[in-house]
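Shown next, in structure tokens, is the structure this report addresses.
The values are calculated or read from the model by the stated rules, or taken from the named source; none is laboratory data. What you are looking at is a predicted structure, and each value in this text was computed from that prediction instead of being measured. Glycine also receives a Cβ, built like all others from the backbone with ideal geometry; neighbour counts cover every protein chain displayed. Accessible surface areas use protein heavy atoms only, side chains included; no ligands, DNA or RNA. Shrake-Rupley method; radii C 1.70, N 1.55, O 1.52, S 1.80 Å.
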Amino acid sequence: MADTDNTSQTQSRGIGALKNHLISHKLDVGLWVTRLATILFSFAYILPVIGNPTQSFYKALMANAATSALRLHQRQTNVPYTTLSAFIQQILTEDSAHYLMYSLIFLYSAPITIVLVPVFLFALLHAASYSLTLLDTLGQNSWWGARLLISFVELQSRNMLRMIAFNEIFLMPMLILFIFSGQASLVTPLVYVRFLSLRYESRRNPYCRTMFHELRLAMEHLASKPGCPSLVRSLIYKMIGIVSRMASS
């Protein structure tokens, strides 16, 4: 009986098992491919060895938009919505909708390196996770070097998610500066504020809220120091008030 179980486990792994998995999980494979494309084009933009870096920037965003659209489709249920507003409200609670919006915002701006940081890190995290699933389908001892790299990525997942949240927040004041350099239009920060508010309200990813809270504590601590100039202290509290009103609206 034990020999039979071991034989069946061996038969359930390998190239044949991988082919069956790819056929039966087309949507997951499609997400994996678009995430790999995001990683590839992000590298091509940072290290412009092959192709045009400007085109690579927009291709990375388009690949991320494709990932977000596929993931949004995957997350939708078969339960009918009573009203259009209920449908839109439900869509806007999804993280994939947020990053579909993010991609569309920057498809119409000049290339900005910091914009690719969140899409690259998200693609890296999820592609690594699914790559491990594919390697497990091949067999436990396959591609140990790739498994080691995946383990490192997963070990750093919390730090990467915090970096993504900080990047989302830090990009807002940067966009205001980019208006004067011509890299962003006047509309870009206005639309980005909506994206940032959706990230703050995210149900599945609390890192943006956590980072806002940590930044507020750090700024309040700075403002409470005796050596802090009154002008700077007043500016800090005004900024905190503006952000708090935006978060509560």
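Structure notes:
- Which listed residue is without any contact (Cβ under 8 Å) to a residue 12 or more places away in the chain, of a type outside the set (F, W, Y) and more than 13 Å from T38 (Cβ to Cβ), from S96, S85, S109: S85
- Y237 touching a helix residue (DSSP H, G or I) at 6+ places or on another chain (Cβ under 7 Å) and modelled with pLDDT of 90 or more: no
- Every residue from the stretch 191-249 that is of a type in the set (A, V, I, L, M, F, W, C), assigned to a loop (DSSP other than H, G, I, E, B) and within 14 Å of I169 (Cβ to Cβ): none
- Neighbours by Cβ (under 9 Å, 6+ apart or cross-chain): first from the stretch 181-202, free of Cβ contacts under 8 Å to residues at least 24 places away in the same chain and farther than 18 Å from Y99 by Cβ; second open to solvent by 40 Å² or more (accessible area, probe 1.4 Å) and not hydrophobic (A, V, I, L, M, F, W, C): V187/Y108
- Filtering the stretch 197-249 to residues that are open to solvent by 60 Å² or more (accessible area, probe 1.4 Å) and among the small types (G, A, S) leaves S224, G227, S230, S248, S249.
- The residue list I39, I46 contains one member that is open to solvent by 60 Å² or more (accessible area, probe 1.4 Å) and touching a residue at least 40 places away in the same chain (Cβ under 8 Å), which is I46.
- Cβ-Cβ distances below 8 Å connect no pair with a first residue in the stretch 5-23 that is over 13 Å from L134 (Cβ atoms), a second residue that is open to solvent by 100 Å² or more (accessible area, probe 1.4 Å) and modelled with pLDDT of 85 or more, and a separation of six or more residues or different chains.
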